[in-house]
Amino acid sequence: MNAVGVIVEYNPFHNGHAFHIEEARKTANADVVIAVMSGNFLQRGEPALVSKWKRTEMALKAGVDIVFELPYVFATQQANTFASGAVSILEAAGCHSLCFGSESGSINSFYKTITFLQAHNELYQQKIKYFIEKGNSYPKATSLAYQTLSPDHDLIDLSKPNNILGYQYIKAANAMHAPLKIFTVTRKNANYHDPHFASDTIASATSIRKALFSKDGHPESVRQYVPDSTYNGLLEYKEQYGLFHDWELYWPYLKFRLIQMNPEQLKNIYEVEEGLEYRILSSVLQSESFQQFMEKLKTKRYTWTRLQRTCVHILTNTTKEEMFMKEDKASYLRLLGMTTTGREYLNKYKTDFSLPLISKASATKHSQLLLDIKASRIYAMAAPKSNQKKLLESEFKQPPIIVAK
């Protein structure tokens, strides 16, 4: 069976994602689509709108065949680490190819860009250092450095978020000599961070979340932009747990943690660097909401995304020692769900996988999984007390979701 891999967050799964899955399956001539999906906290430093289990169910009902969880240690990291962890899972699961969405839409341009930057690497690194010293964030510094090298029109725009991720996927696959055929699909209509609906049927996940969190937000307001499985899943989750997760729900817990900490304790948290601990502790005392806290915290040097990731690590009490990795690969395959086709694939090939397959959290004590368990428990704290137990127990009691298909 031919398997194509995708690297996703599905926050939530929408019509653009359905198009990506359809194109990936068709272009790769694949029998099975395997998704590596972030868990309950995401790469942009946000809690997922709904739990990883509900997002898994939505994905399986809309075209994906197998969902593996991307461990917290990769899912809440900058693009290169995020990519390394995800690609290592797809390789271990026997994928023949990898398909990602991009603003570029040309895989040749990605390879040309990698070759171009390899040829100019020394100057490129010097330029990055120069722009960082000027007070720019790392992503901004890399973008400025890239532009000063005067890339030609056949190269990709590395200021675009999906181009950046795609570039890192290819670099990760090359670094680990993964035998993956890689191709890209042009994103339809909506830009990744577009806060507004871009067409009658296609919208970014950002704009969908914005609508759901509006004053009168209801899943009906986004129905035309998502498959029926997502619409129904959103309704079910809201009815079952009484909420969609966002940072403001976690603000009391984040503030509680911070007002107990001194600078030395905060400095031990992952991504708290360069004296940031003092700015954080000063800002929290002046803030009444997460939005206000972030506005006070934001500087030219640190992106909003980077600061949100730092806040996730503070919330989950994740230290530098816990996140320090000697390897840039995943240590297991955590199965969240499968279709009947996906189960057929697993039964046929799982003995050939280069990483152990885990379907129960209690089956291993690996440090990467322990971080996932801790993060899931914190994630559950946002739910009303009457529903917290369901989310708290799901990490151990929820078996992989199976969708007949």
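Simple rule: put +1 on each Lys or Arg Cβ and -1 on each Asp or Glu Cβ in the chain, find the dipole, and look at 97, 10, 178; the Cα lying farthest toward the positive end is 10. With Cα atoms defining each centre, region 203-276 and region 69-144 are spaced 26 Å apart in the structure.
For region 108-155, the Cβ-based charge dipole about the Cα centre amounts to some 180 debye (Lys, Arg positive; Asp, Glu negative; other atoms uncharged).
Placing unit charges on the Cβ atoms only, positive for Lys and Arg and negative for Asp and Glu, gives the chain a dipole magnitude near 500 debye about its Cα centre. In this calculation the C-beta distance from residue 353 to residue 274 is compared with R0 = 35 Å, giving a FRET efficiency of 0.30.
Taking each residue as 0.36 nm, the span from residue 125 to residue 285 lengthens on full extension beyond its C-alpha to C-alpha distance by 53.8 nm. Computing Kirkwood radius over Cα pairs in Å for the structure here picks out one of [x] 20.8; [y] 21.8; [z] 22.7, namely [y]. Think of region 108-155 as having a plus end and a minus end, set by charges on the Cβ of Lys, Arg, Asp and Glu; of 131, 117, 155, 131 sits farthest toward the positive end of this dipole. Distant-in-sequence amide contacts of residue 70, defined by a placed amide H-H separation under 5 Å and a gap of 5 or more residues or a different chain, comprise 37, 38, 39.
Under the combined filter of DSSP loop state and at most 10 neighbouring Cβ atoms within 10 Å, region 201-244 retains these trypsin sites (Lys or Arg not before Pro): 215. Arranged from fewest to most other beta-carbon atoms within 10 Å of their beta carbon, 237, 72 become 237, 72. Once the Cβ-Cβ distance of residue 324 and residue 223 is raised to the sixth power relative to R0 = 45 Å, the FRET efficiency obtained is 0.50. The length gained by stretching the chain between residue 174 and residue 344 to full extension, at 0.36 nm per residue less their Cα-Cα distance, is 58.3 nm. Placing +1 on each Lys and Arg Cβ and -1 on each Asp and Glu Cβ, with no other charges, gives region 1-99 a dipole about its Cα centre of roughly 160 debye. Strictly over 19 Å apart at the Cα level, which of 238/389; 127/296; 61/389; 26/181 would you flag in this model? In this structure, 127/296; 61/389 lie more than 19 Å apart at Cα. Count Lys and Arg as plus one, Asp and Glu as minus one, and take only other residues whose Cβ is under 14 Å from that of residue 277; the net charge is then 0.
Since only 36, 19, 77 are under comparison, the one whose Cα sits farthest along the positive direction of the charge dipole of the chain, derived from C-beta charges on Lys, Arg, Asp and Glu, is 77. Near residue 163, once Lys and Arg are set to +1 and Asp and Glu to -1 for all other residues with Cβ below 11 Å from its Cβ, the sum equals 0. Contact order, relative form, for the chain: 23 percent (alpha carbon pairs under 8 Å, 6 or more residues apart, mean separation divided by residue count).
Rule-based calculations on the coordinates, nothing more; no lab input. Not measured: the values here are computed from a predicted model. So basically every Cβ, Gly included, is an ideal-geometry build from the backbone, and we count neighbours across all protein chains shown.
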